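K.L.:
Sharing a structure with you now.
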Amino acid sequence: MAGHSKWHNIQRRKGKQDAIRGQLFTKLSKDIYQAAREGGGNPETNFRLRVAIERARANNLPMENIQRTIAKATGQLEGVTYEELLYEGYGPHGVALLLEILTDNRNRTAAEVRHLFRKHGGNLAESGAVAWMFQRFGEIVVPKDKVDADELMMVALEAGAEDVIERSRTYVVKTAPDNFRAVRMSLEEKGIPYEEASLTYEASTKMDLPEDALEQVYDLVEALESLDDVQTVYTNLDTGDDDEEADE
């Protein structure tokens, strides 16, 4: 929720582990499907697919599921067609929300998302309403105990990274979207391990809310994340726990 929320934090305060696991597997499978459909089923030549598979394996998605999803995406098995969308809206207290959507039925998804916004005191907005508040960038999370800070800084910046941010247990390498792949590959070539690598969004300016107001926004975000078609939810909240969430 600190500016953005990660899949592994879905409903993190509610502890509904079985439901979370099923939702997470669905989202991971859809990401693999879309990556394979657009770039082919070989992760050696399809960078996005490689990232999607690595994320899925890190979250214990069975290899059988991954292979079946790729087969559907490449036409070896009958499957569905997904499209990627960005939904924008305002939550309680005017908080901006940006949603990454992957759906096979945009009318169904729009109706479900609109219903949840209204139910939780927000509203789904027109395209462009809040997207301008967010910046797209690459993020590579490197564990502190696995790397020398000076070496990481040198390798990352020489490869085109914009910044290396120190957190309690990790370093976060930030890149422009166009440089994300080059920086990630450079780290791999130098044997620098990382926990996560993804393209994400972050609000350029953030807003503060009191605890009771935060709870209302959290309820909306968690409800949205419970929808299978919603891959990720980003907000412009400043909750002060970016460090905690990045290291979970």
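K.L.:
Would you please name the residue that is farthest from Ala56 (Cα to Cα), looking only at residues in the stretch 166-182 that are among the aliphatic types (A, V, I, L, M) and at pLDDT 95 or above?
P.N.:
Going through the qualifying residues, I end up with Ala176.
K.L.:
Among the residues of the stretch 159-193, count how many are open to solvent by 20 Å² or more (accessible area, probe 1.4 Å), in a helix (DSSP H, G or I) and out of contact with any helix residue (DSSP H, G or I) (no Cβ under 6 Å at 6 or more places or on another chain).
P.N.:
Looking only at that region, the number is 6.
K.L.:
Same structure, new question: Of all the strands (runs of 3 or more DSSP E) wholly in the stretch 37-133, which have at least 3 residues that are in contact with a helix residue (DSSP H, G or I) (Cβ under 9 Å, 6 or more places away or on another chain) and either surrounded by 15 or more Cβ atoms within 10 Å (Cβ to Cβ) or aliphatic (A, V, I, L, M) (or both)?
P.N.:
83-90, 96-103
K.L.:
Now for a separate question. State which residue pairs qualify: first residue farther than 18 Å from Ile53 by Cα and inside the stretch 69-86, second residue in a helix (DSSP H, G or I) in any location, beta carbons under 6 Å apart, and separation of 6 or more residues or different chains.
P.N.:
Leu77/Ala71; Gly79/Lys72
K.L.:
Among the residues of the stretch 144-158 satisfying the criterion of being within 13 Å of Thr170 (Cα to Cα) and surrounded by fewer than 17 Cβ atoms within 10 Å (Cβ to Cβ), which is nearest to the chain's Cα centre (by Cα)?
P.N.:
Here the answer is Lys144.
K.L.:
Identify, from the list Glu162, Glu189, the residue that is out of contact with any strand residue (DSSP E or B) (no Cβ under 8 Å at 6 or more places or on another chain) and farther than 17 Å from Leu49 by Cα.
P.N.:
Every option except Glu189 fails the conditions.
K.L.:
OK, next. Given the criterion more than 23 Å from Gly91 (Cβ to Cβ), in contact (Cβ under 8 Å) with a residue 24 or more places away in the chain and touching a Ser or Thr at 6+ places or on another chain (Cβ under 6 Å), identify the matching residue among Val183, Val172.
P.N.:
From the options Val183, Val172, the qualifying one is Val183.
The values are calculated or read from the model by the stated rules, or taken from the named source; none is laboratory data. On a predicted model such as this, the values are computed, not experimentally measured, just so you know. Note: ideal-geometry Cβ built from the backbone for every residue, glycine included; neighbour counts use all protein chains shown. Side chains included, ligands, DNA and RNA excluded: accessible areas come from the protein's heavy atoms. Shrake-Rupley method; radii C 1.70, N 1.55, O 1.52, S 1.80 Å.
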